[in-house]
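Heads up, the thing below is written out as structure tokens.
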């Protein structure tokens, strides 16, 4: 059985993977097969992470799906479609472009990680271009408004979920949360999990003790041991089993 952080651990390892130029040629298309390498690959990236963590969606094939409208349709039919997201959910976007071949259909998918207090959502996306679009799409963190472009959230059959949404993140720095309130909330949660911050407790300061706790936690989960409180490690304080 697969838990949320097993999937997100794989997604994190893929951060920075780029397609060849602007060709959509990428490892996920080669893995998916069916002569689809060279097609839009956001859904194949999501399917790759889920499949390699042990979740076979069986939407188009045993490997998952490549066509985003098929994914949205399947999650709705399975009654696994939600408006309020939890970490690890698959967020479906409709950019509502005038050039859409199928108006109202999903154009893009990504893994939902967390919400911010500014009403934004933080995701890990495949086939998402960098700002200058010079190297084509890549796997990267993204932050967007939670607005009309978000159709909904598909929830795979994880072994762990949380009953309530996570606390909101103050900052928008996806690689290192540094605001005192975010740090304090995280420290309190880690203390509840049994970690020791010494006499300072949850003081909102990310010092050596906090870094040591975080590195132990990242290592335990199989995340990249960076000692930096990124949003993936932050949400895992609530979702990890």
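None of the figures in this text is laboratory data; all of them are computed from the coordinates on show. Source: prediction; values computed, not measured. Heads up, the Cβs are rebuilt from the backbone with ideal geometry, glycines too, and the neighbour counts pull from every protein chain shown.
In percent, how large is the relative contact order of the chain, given Cα pairs closer than 8 Å and 6 or more residues apart? List each step's numbers first, then the result.
Details: 458 pairs, mean separation 51.2, N = 241.
Relative contact order of the chain: 21 percent.
To make sure I understand, if each residue's beta carbon is the centre and we count other beta carbons within 10 Å, what order do 205, 139, 213 fall in, fewest to most?
Numbers: 205 13, 139 25, 213 20.
So the residues, fewest neighbours to most, are 205, 213, 139.
Modelling each spin label as a point 7 Å along the Cα-to-Cβ direction, I'd like the residue 56/residue 17 distance in nm, to one decimal.
Here the answer is 2.0 nm between the modelled labels.
When the chain is modelled as a GNM with alpha-carbon springs shorter than 10 Å, which of 72, 106, 157 fluctuates the most?
Checking each option, the largest mean-square fluctuation is seen for 157.
Calculate, in nm to one decimal, what residue 82 and residue 219 gain on full extension: separation in residues at 0.36 nm each, minus their alpha carbon distance. Walk me through the numbers on the way to the answer.
Working: separation 137, 0.36 × 137 = 49.32 nm, distance 3.15 nm.
Full extension of this stretch gives 46.2 nm more.
May I ask you to compute the full-extension gain from residue 117 to residue 193, defined as 0.36 nm times their residue separation minus their alpha-carbon distance, rounded to one decimal in nm? Kindly include the intermediate steps, with their values, before the conclusion.
Values: separation 76, 0.36 × 76 = 27.36 nm, distance 2.43 nm.
Once the chain is fully extended between residue 117 and residue 193, it gains 24.9 nm.
Which angle from 0 to 90°, rounded to the nearest 10, does the C-alpha axis of helix 42-52 make with the longest principal axis of the chain?
So the inclination is approximately 60 degrees.
Would you mind telling me the antiparallel percentage of the DSSP bridges in segment 4-154, rounded to 5? Mind dumping the intermediate values first?
Values: 24 of 25 bridges.
Restricted to segment 4-154, the bridges split so that about 95 percent are antiparallel.
Under the definition of Cα pairs under 8 Å and six or more residues apart, what whole-number percent is the relative contact order of segment 6-105? Kindly include the intermediate steps, with their values, before the conclusion.
Working: 92 pairs, mean separation 18.7, N = 100.
About 19 percent, as a whole number.
With each label point set 7 Å from Cα along the Cα-Cβ vector, what nm distance links residue 168 and residue 147?
Simple spin-label model gives 1.7 nm for this pair.
As I understand it, the value is the acute angle between the Cα axis of helix 68-77 and the longest principal axis of the Cα atoms of the chain; what does it come to in degrees, rounded to 10?
Long axis of 68-77 versus the principal axis of the chain: about 70 degrees.
Given C-alpha coordinates of segment 1-158, what is the ratio Rg to Rh with the Kirkwood estimate of Rh?
Rounded to two decimals, Rg/Rh equals 0.93.
Kindly express, to the nearest 10 degrees and within the range 0 to 90, the angle between helix 208-221's C-alpha long axis and the longest C-alpha principal axis of the chain.
Value to nearest ten degrees: 40.
How many nm is it between the label spots at residue 205 and residue 95, if each spot is 7 Å from the Cα in line with the beta carbon?
Reported label-point gap for residue 205 and residue 95 is 4.7 nm.
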